[in-house]
1. For a test of the definition: using alpha carbon positions, the gyration tensor, and the 1.5 limit on a/c, classify region 260-322 as rounded, prolate or oblate.
2. Sticking with the crude label model, points 7 Å out along Cα→Cβ, report the distance from ASP254 to ARG238 in nm, one decimal please.
3. Just to verify a number: what accessible area does ARG221 come out at with the full protein assembly present, 1.4 Å probe, Å² rounded to tens?
4. Just tell me which aspartates and glutamates come within less than 17 Å, Cα to Cα, of LYS218; anything on the same chain fewer than 8 places away is out.
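The values are calculated or read from the model by the stated rules, or taken from the named source; none is laboratory data. Predicted model only: the values in this text are computed from it and were never measured. As a convention, Cβ positions derive from the backbone with ideal geometry for all residues, glycine included, and neighbour counts pool all protein chains shown. What goes into the accessible areas is simple: the full protein's heavy atoms, side chains included, and nothing from ligands, DNA or RNA. Shrake-Rupley method; radii C 1.70, N 1.55, O 1.52, S 1.80 Å.
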Amino acid sequence: MAALAVGAVLAVGPRTVANLLRTLGLADDPGFAAFHRVLNRNRWSGPKLARTLLNAVVSAFVPDGPIVIGVDHTLERRRGAHVRPASHCFDSVRSSTEQTVTSRGLRWMTAMLLVEVPFAGRIWGLPVLSALVPSRAWCEAQGRHYRPTTTWARAILLRLHRWLPDRPLVAVMDGEFAVLTLLDAVSPHMVAITWLRLDARLFDPPPDPPLTLRQVMKGARQPSLRSRLTDKATIWRRAVQPSRTRWRSGDWIDYASGTALWHHQGKPIVPILWVMVRYPDGRRDPEAFLCTDLSVPPRTVLEWFNRRWAMETTYEESRAHLGIRKVTSVKVVEIGGWSGASSVRPPLLREVA
């Protein structure tokens, strides 16, 4: 197994077992068949491997302090009748603001440690746990319960919390995961940071004592973040623009912050710290972010969220150098009550039978 892992790092081209052996100079080894049995006959656990990998990465790069974890999903474009869990999904790589493109493929939910590597001088996204998100049509055909991406994100984050119960965790997610049910489930165990809509319904804390039954859970409604952009009472602070790797000198941004209760009818109420950013030169539209820990400084929220761009680099380099889109066959299995996947050659971390 160690030889295959080293060969996968050094190999150029397809990461097949034969190519890995050629890279290591073991193409003529009389026991070459044993290397093939590692993946097609031996049983190994993806979650156990993920936990071992997580502990190794944490001890090497984050021995103390908060652990920043990025959660996102990517589309592995796959065609063919045998790739049954695949479905047509939004393709963020091929889409733009003018055109939305969907592609057929497998959707993978991945959790990455967003750590600063000393010898690289930048933030790296190191995958530690991945799960296949089957399509709704496939789940209905197989008689399985369909779970949306937010449910998978909650399962992955809570599992990482169980593996690291004594370490503070920071979950950085895209705006797709700005869902009250997800934030309410993970906020007791970790800090969650996502994008926030400018028209979100924000409220003051309930008065003490509440005057009416309606005011038991929340107080008066606050102005929307969109209206605060033009409100002269909004206090703006200036900071250096965050790059995709770290804070550096360059252009400037203005940011404002505050606390509120985010509420939507029929959903749980989540206390948040909101941070709104505007760009004085107009290079981008104003943005807003939320943090479930009200004591975190706004600059720290922006810095943690800025780390998530390293995930896009990891996805692109995985496609270019590791060939994760060239999986031969995939099947879904149950792993501890939630679905995983098995494959002849796993692109990330999967349960292999």
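1. Values: a/c = 2.17, a/b = 1.55, b/c = 1.41.
Note, shape of region 260-322 comes out prolate.
2. The modelled label-to-label distance comes out at 1.0 nm.
3. Probe radius 1.4 Å; accessible area of ARG221 about 130 Å².
4. LYS218 reaches ASP184, ASP204, ASP208.
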